[in-house]
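The values are calculated or read from the model by the stated rules, or taken from the named source; none is laboratory data. As the structure is a computational prediction, the values presented were derived from the model and not from experiment. Backbone-built Cβ (ideal geometry, glycine too); neighbour counts: all protein chains shown. Please note that ligands, DNA and RNA were not included when accessible areas were found on the heavy atoms of the full protein model with its side chains. Shrake-Rupley method; radii C 1.70, N 1.55, O 1.52, S 1.80 Å.
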Protein chains: 2
Amino acid sequence: MTPHHSPKNLANVDTPAVVLDLDRLESNIGRMAAVAREAGVALRPHAKSHKLPQVARLQLAAGATGLTVAKLGEAEVFVEAGVGDILVAYPIWGESKWHRLCELRRRAQITTCADSAEVVDGLSRAATAHGVEIPILVEVDTGFERCGVAGPREAVALARRITESPGTAFAGVLSFAGQSYGAQPGPGLEAVAASDARRLLGAAEAIRECGITVPVVSAGGTPTARQVARISGITEVRPGAYAFSDRDQAALGWGTLADCALTVVTTVVSRPTPERAVIDAGTKAFSSDQSIQDAAFGAIIDHPELTPLRLTEEHGILHVPAGMRLDIGTRLRVIPNHGCGTLNMHDNVTVVRDEDVIEEWTVAARAKMR
Amino acid sequence: MTPHHSPKNLANVDTPAVVLDLDRLESNIGRMAAVAREAGVALRPHAKSHKLPQVARLQLAAGATGLTVAKLGEAEVFVEAGVGDILVAYPIWGESKWHRLCELRRRAQITTCADSAEVVDGLSRAATAHGVEIPILVEVDTGFERCGVAGPREAVALARRITESPGTAFAGVLSFAGQSYGAQPGPGLEAVAASDARRLLGAAEAIRECGITVPVVSAGGTPTARQVARISGITEVRPGAYAFSDRDQAALGWGTLADCALTVVTTVVSRPTPERAVIDAGTKAFSSDQSIQDAAFGAIIDHPELTPLRLTEEHGILHVPAGMRLDIGTRLRVIPNHGCGTLNMHDNVTVVRDEDVIEEWTVAARAKMR
């Protein structure tokens with residue numbers, strides 16, 4: 001008996017484990033870099049998806065102009081890792097956070113966004129007190145109905161306020177067309193990209209008409225990045241999930257399941273009936289993020305005949321077709337519905353090329369709440 | 001400007017933060033201890049819910065006989081914290097894990113469970129090689145259709161195998177009636193508890209008829225713990241979520257919303273329209289665990305008029321009724337649907353009595369994958 005295997009090969013990694021395939025990752029990073037390059041727009045990947053300085057470095061080396069994050073805690077991790085240009089794409093509120101943002105601003109090119117006078121005023125007071133200047137993008141709601149000012153009139157008012165406030169500089173406009181996750185691939189996504197760009201560019205145009213320069217017109221999201229990047233007037237795209245890709249991104253047309261770089265390696269631990277198998281990965285390994293497609297919790301590589309039925313915290317339940325042999329101890333590799341959510345459940349990720357384990361990375365920007 | 005507040009009061013804790021109310025926690029722990037004591041059964045709380053040695057100590061002090069966990073990594077944390085009696089209620093598979101289980105067995109009273117000959121044989125080989133004896137419960141499926149042998153015949157065969165194998169000792173039978181989460185409170189839960197107990201006791205009785213002693217008859221789950229504890233023949237209950245409770249447990253009748261000890265403190269960061277507010281907590285703060293009741297992501301304390309509509313990773317979107325003032329910067333406290341899932345998203349929990357911050361605890365057994 002050899003209880004401790006040398007983890008040189010993926011087959012020797014204990015399960016469940018989240019695994020990142022470097023070849024696929026690099027290919028995805030290269031593909032999106034080409035999309036931006038060919039469209040002539042800047043690429044500012046959202047790092048909340050990967051949470052890994054190592055992936056950020058690959059993105060920057062492939063031509064990304066900087067990163068996007070949602071949390072100051074994420075920005076702090078990436079600045080510490082040497083990233084010099086970060087957009088904190090979130091309405092930052094409160095003395096403690098304004099203070100941290102200003103401290104970060106001394107160390108790197110930090111931009112943020114706002115959709116309210118309250119946030120602009122807070123940032124202005126803090127920036128003035130700290131003696132820094134904070135560039136701010138105005139977030140415009142282009143149909144997702146989350147954050148963002150409603151239209152050109154509100155965008156103009158906020159851009160003016162940023163321009164006129166001490167310590168803040170108007171940097172442009174930003175949107176996130178999250179409604180793309182409910183759209184059909186192809187024409188549906190084209191339509192979302194078109195309406196996203198129309199509303200975002202409408203706000204930008206209204207601001208320009210007031211004599212205010214709009215340097216950045218930034219649109220978000222992997223599903224519509226290719227479409228929106230080609231629309232005249234868009235200057236930047238902020239896709240995040242593209243680097244790993246996942247079952248839902250493949251369904252929306254970002255490559256195929258074979259391009260997904262992030263998988264969960266699991267083991268069959270129970271075969272209570274001929275038609276049921278249980279694997280050692282549940283919501284704590286996959287997250288409970290639902291698919292945009294169906295009730296399945298993922299796609300099982302090499303075994304389309306197995307149906308991933310449901311998850312509990314530590315169990316994944318599969319339907320096994322009649323007559324299929326699937327012994328306890330069988331290892332299965334699963335493409336998750338949502339790669340960002342899955343990696344967020346793990347402190348570490350096993351990095352491979354094919355079946356060779358290269359190293360283990362700490363998910364450095366994971367669970368940064370604030 | 002005082003950028004760093006002294007966090008003595010909850011009002012000064014930066015958001016989002018997960019908060020544990022000690023008074024409510026202790027009350028919930030006491031209530032379930034009384035349930036078990038009055039029914040004359042052992043209480044072995046499932047620690048995958050709280051993941052905190054501090055909570056385990058309170059449970060043991062209130063009369064729990066030991067803990068339940070799902071992962072060896074959790075067992076290792078709790079043994080390290082001084083807990084001497086732990087059931088690893090999961091089919092443990094593979095040389096590496098069998099080795100760790102045997103190592104733990106040297107340090108504490110460790111029991112596990114199995115629903116297959118394969119797992120029993122692996123445990124037997126490892127225990128023999130390590131010179132330890134592993135007590136094993138046979139898991140019986142009582143209707144949840146996850147793990148567990150199908151009925152008395154299979155239970156008898158596995159109990160015999162455990163009894164006859166070197167290094168393993170038959171310790172009893174175990175079930176988890178997870179179908180309770182789909183039952184109506186009151187009569188519905190009574191019915192689940194009755195059928196759970198009938199099937200579990202049927203397996204126990206069949207094993208006894210073969211001349212094998214069945215020391216433990218253990219049933220799981222907070223929703224049915226009170227009902228099943230009173231059924232003759234049940235010797236142990238393994239509720240987990242009861243310690244925190246949550247919106248779903250309250251709906252199933254474990255106290256009320258006022259008994260929920262775990263909350264997420266958030267701040268309104270955006271008011272894009274009069275009827276929409278956005279808070280700074282999304283699936284990364286709450287988890288994406290769906291409610292058994294509806295599409296809401298939680299219950300907002302003191303504000304039943306606010307409807308929690310949906311979450312994205314870092315945003316919670318609320319419907320605000322006409323005419324309600326809800327300024328940016330307003331702090332809201334939210335009871336999550338599923339306390340276990342919520343705490344699992346956080347590295348630390350802020351511990352309070354009323355509004356006073358007592359300390360911050362590391363969620364020591366969080367994200368133990370293996």
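Given an 8 Å cut-off on Cα distances and at least 6 residues of separation, report the relative contact order of the range B:171-230 as a percent.
Answer for the range B:171-230 is 53 percent.
With 22 Å as the limit, the listed pairs A:Lys97/B:Lys48; A:Lys97/A:Lys368; B:Lys8/B:Lys368 have A:Lys97/B:Lys48; B:Lys8/B:Lys368 beyond it between alpha carbons.
Candidate cross-link partners of B:Lys51 among the aspartates and glutamates, defined by an alpha-carbon separation under 12 Å and a same-chain spacing of 8 or more, comprise B:Glu74, B:Glu76, B:Asp347.
Averaged over the residues of peptide A:122-129, the number of Cβ atoms from other protein chains lying within 10 Å of each residue's Cβ is 1. Once you reduce the range A:40-87 and the range B:259-282 to the center of their Cα atoms, the two points are 27 Å from each other.
Annotation: amide H-H contacts under 5 Å for A:Leu332 (H modelled 1.01 Å from N, sequence separation of 5 or more, or interchain): A:Thr266, A:Thr267, A:Val268. Over the protein assembly as shown, DSSP H runs of length four or greater, each weighted -39,500 (n - 2.57), average out per residue to a 222 nm ellipticity of -10000 deg cm²/dmol. Around the amide H of B:Tyr90, modelled in the peptide plane, lie the amide H atoms of B:Cys113, all under 5 Å away and 5 or more residues distant in sequence or on another chain.
Close amide-amide hydrogen proximity is noted between B:Val149 and B:Glu139, B:Val140, B:Asp141, each under 5 Å apart and 5 or more residues distant or on a separate chain (H modeled in the peptide plane; Pro and chain starts excluded). This model, with +1 at the C-beta of Lys and Arg and -1 at the C-beta of Asp and Glu, gives the range B:253-370 a dipole about its Cα centre of some 340 debye. Highest GNM mean-square fluctuation among B:Gln184, B:Gln227, B:Gln249, for chain B modelled with Cα contacts below 10 Å: B:Gln184.
For chain A, the dipole from Cβ point charges (+1 on Lys and Arg, -1 on Asp and Glu) about the Cα centre works out to 520 debye, to the nearest 20. Whole-Hz Karplus values for the range A:187-203 come out as x, x, 5, 4, 5, 4, 4, 5, 6, 4, 5, 4, 6, 5, 5, x, 5 Hz, taken residue by residue from phi with 6.51 cos²θ - 1.76 cosθ + 1.60 and θ = phi - 60°; glycine and proline positions read x. Per-atom-type breakdown for chain B gives carbon and sulfur 51% of the accessible area (1.4 Å probe, protein chains only). Highest GNM mean-square fluctuation among B:Ala203, B:Ala33, B:Ala117, for chain B modelled with Cα contacts below 10 Å: B:Ala117. Structural descriptor for chain B: relative contact order 20 percent, calculated from alpha carbon pairs under 8 angstrom and at least 6 residues apart.
The residues of the range A:169-276 expose on average 31 square angstrom of accessible surface per residue, using a 1.4 Å probe on protein heavy atoms.
Based on Cα contacts under 8 Å between residues 6+ apart, the range B:185-269 shows a relative contact order of 25 percent.
The overall shape of the range A:1-111, judged from the alpha-carbon gyration tensor, is oblate: a/c is not under 1.5, and a/b is no greater than b/c. Farthest toward the positive end of the dipole of chain A, out of A:Ala219, A:Leu60, A:Pro135, is the Cα of A:Pro135, where the dipole comes from beta carbon charges about the Cα centre.
Rounded to the nearest 20, the Cβ-based charge dipole of the protein assembly as shown about its Cα centre (Lys and Arg +1, Asp and Glu -1) stands at 320 debye.
The HN-Hα couplings worked out from phi for the range A:51-66 by the Karplus form 6.51 cos²θ - 1.76 cosθ + 1.60 (θ = phi - 60°) are 6, 10, x, 4, 6, 4, 5, 5, 5, 5, 5, 7, x, 4, 8, x Hz, whole numbers, x standing for Gly and Pro. Between A:Asn348, A:Asn28, A:Asn12, the residue with the greatest mean-square fluctuation in the GNM of chain A (Cα pairs under 10 Å linked by springs) is A:Asn12. Put +1 on the Cβ of every Lys and Arg and -1 on every Asp and Glu Cβ in the range B:161-233; which of B:Gly186, B:Phe176, B:Ala197 then has its Cα farthest towards the positive end of the dipole? Value: B:Gly186. Applied to the range B:343-358, the Karplus parametrisation 6.51 cos²θ - 1.76 cosθ + 1.60 on θ = phi - 60° returns per-residue 3J(HN,Hα) values of 4, 5, 7, 10, 6, 9, 10, 8, 9, 10, 10, 6, 9, 8, 7, 8 Hz, with x for Gly and Pro. Taking Lys and Arg as +1 and Asp and Glu as -1, the other residues whose beta-carbon sits under 11 Å from that of B:Val132 total +1.
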